[in-house]
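This is the structure I have questions about; it appears just below.
The values are calculated or read from the model by the stated rules, or taken from the named source; none is laboratory data. All of these numbers come straight from a predicted model, not from anything done at the bench. Reconstructed Cβ throughout: ideal geometry from the backbone, glycine too, with neighbour counts over all protein chains shown. Accessible surface is based on the protein model in full, side chains and every heavy atom, while ligands, DNA and RNA are left aside. Shrake-Rupley method; radii C 1.70, N 1.55, O 1.52, S 1.80 Å.
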Amino acid sequence: MGTTAGPGRRLRRGLGVVGCTLLTMAAAGCAQPEPDEQEVAQAVRGLPGVKGVDASFIGTSLGGAGDQEISVQVASPPDPREVEELVRSLPQTLRRIEHADGYDELVLTTRDLGERAEVSTDPSSLGFGSEPPLPGLATRWAKAVATSPPGGLQVRSRPAPRRVTASVSSHEPVSTALGWALRSGLPELDWTVVEYQTPQAPYVRFSAGRPLVAPMVDEWRAIEATYAGQDGSASIARVVVVEDVEGVRRVRVVVSLPEMGGPLAEAAHGAWVWPIVEAAHDSMPAGHRLDLELGRSERGAQNGGAGDADLVDGGTGSADWEAAYRQRFPDAVPVSVTPG
């Protein structure tokens, strides 16, 4: 025998259909219009100096941020005149194509964007928004890439307020990369230098927060000497991060001393660790205060496993390490103050 839905059930079902329809319409209305990727790629490939294009576009919609970056491959090394013209003509070309003004980041890259592209070693890139970067920046980027940086040189120009950042990541020591950056023709940019972690060397990052100056090279050589492994042995440091931000030098150090069983006692093991912190402290810019985060993490140990510990962490670390830190660096950022 068949059944017939009652008035209440039919009403609920009807409201559900209407609700789904409205939700679908709302989602469609909120979705970002997407350009014709093939039309974009064809137009951009016609510009001088373009070797390849990745014009994939995923518009923003409810529940998703999408991807609105267009990558344009140029020669390696780039031709300074061609890339300078390209950063002017690329936004104009996109504005002539329906919805192509939705690309929010335009990137010139030396990475191979061909259909059978293999990941090239340390590609460099220059990124900017819908407005071209300051005149001459593309030329200077191209000339810097031509001088063989120790890793991929990434430059980004951001408007309102205009800020230009530069970064280079490599297996070379930070001091070596800094020496190259000073000769790159771009020392006044906002630099970040990274050394990749290896079984012997730590992950190291330095964000200067100000234009690069020559003394930084010797300062970093002094820091590196405090954690360098001897005769090919692994460094005691696994992470060394130094960031200068608004009058504060934030230093994060993670050490690994697997031969030392049990907890690290400051009285017994401080002589291994404090030289790293002291070298970073001694090279601080004038007017800066130290803010240290010091930890131990043994390779192969699970989170929370034996040997892992926060030694100095805003007053919540190990009591003996926290006390020694405050005694050694009385002018450090107080425990009650959280740097911005």
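Would you please state the base-10 log of I(q)/I(0) at q = 0.13, 0.22 1/Å for the range 133-233, with intensities from the Debye formula using one equal scatterer on every alpha carbon?
-0.47, -1.15
I would also like to ask the following. Based on the Cβ-Cβ distance of D104 and D282, what FRET efficiency does E = 1/(1 + (r/R0)^6) give at R0 = 25 Å, to the nearest 0.05?
On the way: r = 42 Å, r/R0 = 1.69.
Efficiency, rounded to the nearest 0.05: 0.05.
Further question on the same structure: Once phi is turned into ³J(HN,Hα) by the Karplus curve 6.51 cos²θ - 1.76 cosθ + 1.60 with θ = phi - 60°, what whole-Hz value does each residue of the range 268-279 show in order, with x for glycine and proline?
8, 10, x, 5, 6, 9, 4, x, 5, 5, 4, 5
Then there is this: Taking the solvent-accessible surface of protein heavy atoms with a 1.4 Å probe, what is the per residue accessible area of the range 211-340 in Å²? Don't skip to the answer; put the middle values down first.
Values: 6480 Å² over 130 residues.
On a per-residue basis, 50 Å².
Tally up the carbon and sulfur contribution to the accessible surface of the range 186-268 as a whole percent, 1.4 Å probe, everything protein left in place. Write down the numbers at each step before the final one.
Details: 2030 of 3660 Å².
Carbon and sulfur: 56 percent of the exposed surface of the range 186-268.
Still on this structure: Starting from the 7 Å offset along Cα-to-Cβ, what nm value, one decimal, do you get for the label separation of S148 and D36?
4.6 nm
Starting from the range 152-255, pick out the trypsin sites (Lys or Arg not before Pro) whose DSSP state is loop and whose Cβ has at most 10 other Cβ atoms within 10 Å. Write down the numbers at each step before the final one.
On the way: sites: R156, R162, R163, R183, R205, R221, R238, R249, R250, R252; in loops: R162.
Answer in residue order: R162.
Starting from the Kirkwood radius over alpha-carbon pairs of the range 191-340, derive D by Stokes-Einstein at 4 °C in a medium of 1.567 mPa s and give it in µm² s⁻¹.
Roughly 82 µm²/s, to the nearest whole number.
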